[in-house]
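Step one of this worksheet: look at the structure below.
The values are calculated or read from the model by the stated rules, or taken from the named source; none is laboratory data. This is a predicted model, so every value here is computed, not measured. Note that we place each Cβ from the backbone using ideal geometry, even for glycine, and neighbour counts take in every protein chain shown. Ligands, DNA and RNA are excluded from the accessible area calculation, which covers all protein heavy atoms including side chains. Shrake-Rupley method; radii C 1.70, N 1.55, O 1.52, S 1.80 Å.
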Amino acid sequence: MLGRIIAIDGHASTGKSSLAKSLSYEFNCIHINSGSMYRAIALHIINNNLIKYIESDTNYLMSKLDGISLEFKEVGTKLKLFLNGKDIEKDLNSLVVSNEVSNIAAIPEIRSKLVKLQREIDRSKGIIMDGRDIGSVVFPDADLKLFLTASIEVRAERRYDELIKKGANVTLSDVINNIEDRDKKDSNRKTSPLIIDNDAILIDNTNKTISEQLQLIKEIVQSRFYN
Ligand code: CDP
């Protein structure tokens, strides 16, 4: 995997990050969840009462984001995201953040800021990055591009279980609404919409376990990189 790039894009809550994380252990490379970067910006905007500027004054909003620091730091075997020096990971998947993040991710200035950071990450060990525009925009020359999808029911149930385990107070229909809303916004925005890139391999994991997906991707990697 040294120096190689795997891009994993796909619909909301298709398990991209869990899969990417397992693959990164398997191939001894870095995993970056680009969605966590958009979520961190959304969290900052929510916590600082800046939501009203998303539509009314993007320049002012961007000026308020100018000084923020967003960095991945190694904690044990994991890379964790820090916002202004603070570990914010546990707050990123809340429904409050999920309900704002796609509006924020549609702002071109925010996208270019984050794409720049994503391209600056050290790829010498190899990198697996998951998101929405990784194969199409961030790394169009990626060595392997995957696109994950699954039925809305299965995706919503997986995310709902995850949130309930963390003690969140949500209903299944809140989760379904959020996932449908994000897919719609992510696919229809003007800048870097979610698309299935021509050279991406489409994987529908509705009926696949994590270990079946891992096996499938390991076979794809083996034949693409090592044969
Ligand atoms: O894990 P999940 O599928 O719920 O989403 P995520 O990867 O955490 O991404 C959250 C949101 O960030 C997405 O719905 C997009 O609006 C945005 N995003 C994006 O626009 N581009 C990326 N490369 C990654 C995420």
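What number of residues in the stretch 116-134 are open to solvent by 10 Å² or more (accessible area, probe 1.4 Å) and either in a loop (DSSP other than H, G, I, E, B) or within 25 Å of residue 60 (Cβ to Cβ) (or both)?
8
Give 54, 88 a once-over and let me know the one that is within 18 Å of the chain's Cα centre (by Cα) and open to solvent by less than 30 Å² (accessible area, probe 1.4 Å). Outline the logic, then answer.
On the way: 54 fails: within 18 Å of the chain's Cα centre (by Cα).
Sole residue among the options that is within 18 Å of the chain's Cα centre (by Cα) and open to solvent by less than 30 Å² (accessible area, probe 1.4 Å): 88.
Give me the pairs: first residue in the stretch 171-189 and touching a residue at least 40 places away in the same chain (Cβ under 8 Å), second residue open to solvent by 20 Å² or more (accessible area, probe 1.4 Å) and of a type in the set (Gly, Ala, Ser), beta-carbon distance under 8 Å, and six or more apart or on different chains, which are they?
Listed by first residue and then by second, the contacts come to 185/106; 189/106.
So if I check each of 196, 217, 203, 176, which one is surrounded by 13 or more Cβ atoms within 10 Å (Cβ to Cβ), among the β-branched types (Val, Ile, Thr) and assigned to a strand (DSSP E or B)?
Exactly one of 196, 217, 203, 176 is surrounded by 13 or more Cβ atoms within 10 Å (Cβ to Cβ), among the β-branched types (Val, Ile, Thr) and assigned to a strand (DSSP E or B), namely 203.
Where the second residue is among the acidic types (Asp, Glu) and surrounded by fewer than 14 Cβ atoms within 10 Å (Cβ to Cβ) and the first is more than 14 Å from residue 106 (Cα to Cα) and lies in the stretch 38-65, which pairs have Cβ atoms under 9 Å and are six or more apart or on separate chains?
What qualifies is 59/109; 65/109.
Taking residue 162 as the residue in question, decide whether it is part of a helix (DSSP H, G or I), more than 13 Å from the ligand (Cβ to nearest atom) and on the phi < 0 side of the Ramachandran plot.
It is false that residue 162 is part of a helix (DSSP H, G or I), more than 13 Å from the ligand (Cβ to nearest atom) and on the phi < 0 side of the Ramachandran plot.
May I ask you to verify whether residue 185 is within 18 Å of the chain's Cα centre (by Cα) and either assigned to a loop (DSSP other than H, G, I, E, B) or within 13 Å of the ligand (Cβ to nearest atom) (or both)?
Here the answer is yes, as residue 185 does meet what is asked.
Is it the case that the stretch 21-33 has a residue that's closer than 29 Å to residue 211 by Cβ, within 11 Å of the ligand (Cβ to nearest atom) and open to solvent by 20 Å² or more (accessible area, probe 1.4 Å)?
Checked against the condition, which is being closer than 29 Å to residue 211 by Cβ, within 11 Å of the ligand (Cβ to nearest atom) and open to solvent by 20 Å² or more (accessible area, probe 1.4 Å), the stretch 21-33 yields at least one hit.
Being open to solvent by 20 Å² or more (accessible area, probe 1.4 Å), near the ligand (Cβ under 10 Å from one of its atoms) and either out of contact with any Lys or Arg (no Cβ under 8 Å at 6 or more places or on another chain) or basic (Lys, Arg) (or both) narrows it down to one of 36, 17, so name that one.
Every option except 17 fails the conditions.
Do we have residue 148 as closer than 19 Å to residue 21 by Cα, within 12 Å of the ligand (Cβ to nearest atom) and in contact with a helix residue (DSSP H, G or I) (Cβ under 6 Å, 6 or more places away or on another chain) here?
Against the criterion (closer than 19 Å to residue 21 by Cα, within 12 Å of the ligand (Cβ to nearest atom) and in contact with a helix residue (DSSP H, G or I) (Cβ under 6 Å, 6 or more places away or on another chain)), residue 148 qualifies.
Let me confirm something: among 18, 36, which residue is in a helix (DSSP H, G or I) and in contact with a strand residue (DSSP E or B) (Cβ under 9 Å, 6 or more places away or on another chain)?
36
Is it fair to say residue 134 is within 29 Å of residue 74 (Cβ to Cβ), of a type outside the set (D, E, K, R) and in contact with an Asp or Glu (Cβ under 7 Å, 6 or more places away or on another chain)?
For residue 134, the condition - within 29 Å of residue 74 (Cβ to Cβ), of a type outside the set (D, E, K, R) and in contact with an Asp or Glu (Cβ under 7 Å, 6 or more places away or on another chain) - is met.
Of (1) closer than 27 Å to residue 218 by Cβ; (2) open to solvent by 40 Å² or more (accessible area, probe 1.4 Å); (3) not in a helix (DSSP H, G or I), residue 67 satisfies all except one. Which?
Checking residue 67 against (1) closer than 27 Å to residue 218 by Cβ; (2) open to solvent by 40 Å² or more (accessible area, probe 1.4 Å); (3) not in a helix (DSSP H, G or I), the one that fails is (1).
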